[in-house]
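Structure first, commentary second.
Rule-based calculations on the coordinates, nothing more; no lab input. Quantities reported herein were computed from a predicted structural model and do not represent experimental measurements. When we count neighbours, we look across all protein chains shown, and the Cβ atoms used for this are built from the backbone with ideal geometry, even at glycine.
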Amino acid sequence: MTLRTRAAVVEKAGLPRPYSSSRPVTVRDLELLGPLRNEVLIRVEAAGLCHSDLALVEGVRRPPLPIVLGHECAGSVVEVGEDVKSVRKGDRVVLSFAQSCGECVYCLSGRPTICDPGRAANYEGKLVTGGTRFRLDGKEVHHHLGVSAFSEHIVVPASSAIPVVQDVPFEKLALFGCAIPTAFGAVFNVAKVRLGSSVAIFGCGGLGLNLVQAARIAGASQIISVDIREDKLRKAELLGATDLVDASKQDPVSEVKRLTAGRGAEYCFEATGVTRVMLQAFMATRKGGTTVILGVTSAEDRVELPTWLIMGEERLVVGSYMGSIVPRRDIPLLLNLYAQGKIRLEEVITGELRLDELNEGLDRLADGVAVRQIVKMR
C-alpha cells in the first residue's frame, strides 16, 4: 500500500532565528509506504509542538536528516499490517515515541522506554520494525522518534499505537503521547514522590506544568515552581504550586532552601534542558533527597556535581526518559485521571497551529511565550 501525505520536513538544522524567516521546516508532499508486518497506518488528527522538536531544529539533537518532525500526537487507525492484533481499523490511538521491541532485556523487565533496539532505531531515524517509510523524489526521509507526528498520515510499529476508549478530543488526547506521561511517570515511577513531601520544579513549560499537576495528585504538601516568566509561574499556581520563585529576580537555590526551612526540597525536578539549571536543581535538593533530570540536552553537555554532596549527604541523581512508563499500561490510567477531572489541560494548551505555521510556532516556543501549541491536521 502506498499513499501521498503532506508532512513537515526538516532538511537543515541549526538555522538562525527567527524561524519565521529562515524556515527550517518545510511542508512537503511525501510518498508513504506500508504498513508492513507488525505496523499500523495512522491518520493523524492533532499533534503537540514540544521542546524536543525545537531541540532538533536548533541542532541540539542531531538525528539524520531529512526527517519528518514531531513525536506527540493522536489519531485513528486506517489500516493494520500482517500479525497486528493490538489495534483495529477505526480505533482512536495515542502514539508512544519510545519505540520498543518487546523482546530485549529491558522490555522483558518492564522498562520498554529504554529498549535497546527501540533506542537504536530512534537514533537512526528508523522504525523499530526496520527501515523508513517516507519517500521524497524516490529518496528516504527519516522518522522522528518513530512517530513523525507532523504528517497527515504516518506508519508506526503496532507497539507504539495505544488504543483509547475514553471520548477525549484529539487536541487534548495528543498530550498523552509525551508531556503528560513524561511528567507523571517522573513523579510516580522514577522519583516515587511521597505523600506530604516537598517538591521543587525548575521550569514551567509543558513538562514543568504537568509535573506540578502530578506532584499535586501524589499528595505533595509543598510544590515550589521556578521559572523566569511571571505568566508561566501563575499557570503553575493555578495547577497546584504552593510557592513561586522568579529566577530572573531571585537566586533559585537560596529561595528554595528558604522556603523549605533551610533544608532544600525532598524532590527536585529539572525540566529545562539547561545544564546550569540542572546544577541548581541538584543544589536545591535536601540531604537524602532526589534530583530528577528530564530536560533534553546535546550529547556533549556535561554537569559537574560536588561528589561530597552525593556520597556524604546521600543524595540521589536520576534521569527520566518518558517517565519510565509502560505505555500500554500507564497511558490509559492517565486518561482515567483526566476523565475524573484530576488532570487539567486548559492552562497547558496555549494555541493552535496549522501545519504550515510550524516555523512561527517554533519561534513562540523558543521565546518562552508558548507552552503547548497544538497542530490540528484538519
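At a glance:
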quantity: Neighbour-count ranking [beta-carbon atoms within 10 angstrom, fewest first] of 286, 111, 354; calculated: 354, 111, 286
quantity: Cβ-Cβ FRET estimate between residue 83 and residue 329, R0 fixed at 25 Å, reported to 0.05; calculated: 0.70
quantity: DSSP-defined beta bridges in the chain - what % are antiparallel, rounded to 5; calculated: 60 percent
quantity: Choice from 359, 210, 336 showing the highest fluctuation, given a GNM over the chain with Cα pairs closer than 10 Å; calculated: 336
quantity: Volume per residue of the C-alpha convex hull in the chain, rounded to whole Å³; calculated: 126 Å³
quantity: Student exercise, the chain dipole from Lys, Arg, Asp, Glu Cβ charges, in Debye to nearest 20; calculated: 500 debye
quantity: Gap separating the Cα centres of the stretch 338-361 and the stretch 209-239, nearest whole Å; calculated: 17 Å
quantity: Whichever lysines have a C-alpha closer than 25 Å to that of residue 172, once near sequence neighbours (fewer than 8 apart) are set aside; calculated: 89, 232, 235, 342, 376
quantity: Stretch gain in nm, segment residue 65-residue 250, where the contour uses 0.36 nm per residue and the Cα spacing is subtracted; calculated: 62.5 nm
quantity: Residues residue 166 and residue 37, FRET efficiency given R0 of 30 Å [Cβ-Cβ distance, rounded to 0.05]; calculated: 0.55
quantity: Under-5 Å amide H pairs with residue 372, H placed in peptide plane, nonlocal only; calculated: 350
quantity: Packing-based exposure ordering (other Cβ within 10 Å, fewest first) of 132, 307; calculated: 307, 132
quantity: Tail beyond 26 Å, pair distance distribution of the stretch 183-321 (Cα, percent); calculated: 11 percent
quantity: Lysines with Cα under 25 Å of residue 139, excluding same-chain neighbours fewer than 8 positions away; calculated: 12, 126
quantity: Enclosed volume per residue, in Å³, of the convex hull spanned by Cα atoms of the stretch 140-250; calculated: 150 Å³
quantity: Structure-based [θ]222 nm, the chain - -39500 (n - 2.57) summed over DSSP H runs of at least 4, per residue, nearest 500; calculated: -7500 deg cm²/dmol
quantity: Rg(Cα) / (2.2 N^0.38 Å) computed for the stretch 76-144, rounded to two decimals; calculated: 1.24
quantity: Low-density loop positions, trypsin sites (Lys or Arg not before Pro), the stretch 200-266 - DSSP coil, at most 11 other Cβ in 10 Å; calculated: 249
quantity: Ascending count of other beta-carbon atoms within 10 Å, so fewest first, for 12, 139; calculated: 139, 12
quantity: Cβ-derived FRET efficiency at R0 22 Å, residue 120 paired with residue 302, nearest 0.05; calculated: 0.40
quantity: Separation between Cα centres of the stretch 1-36 and the stretch 107-135, rounded to whole Å; calculated: 21 Å
quantity: Cα convex hull volume per residue for the stretch 313-354 (Å³); calculated: 188 Å³
quantity: Residue 378 versus residue 318: modelled label distance in nm, points set 7 Å from Cα along the beta carbon direction; calculated: 4.2 nm
quantity: Tail beyond 19 Å, pair distance distribution of the stretch 276-376 (Cα, percent); calculated: 66 percent
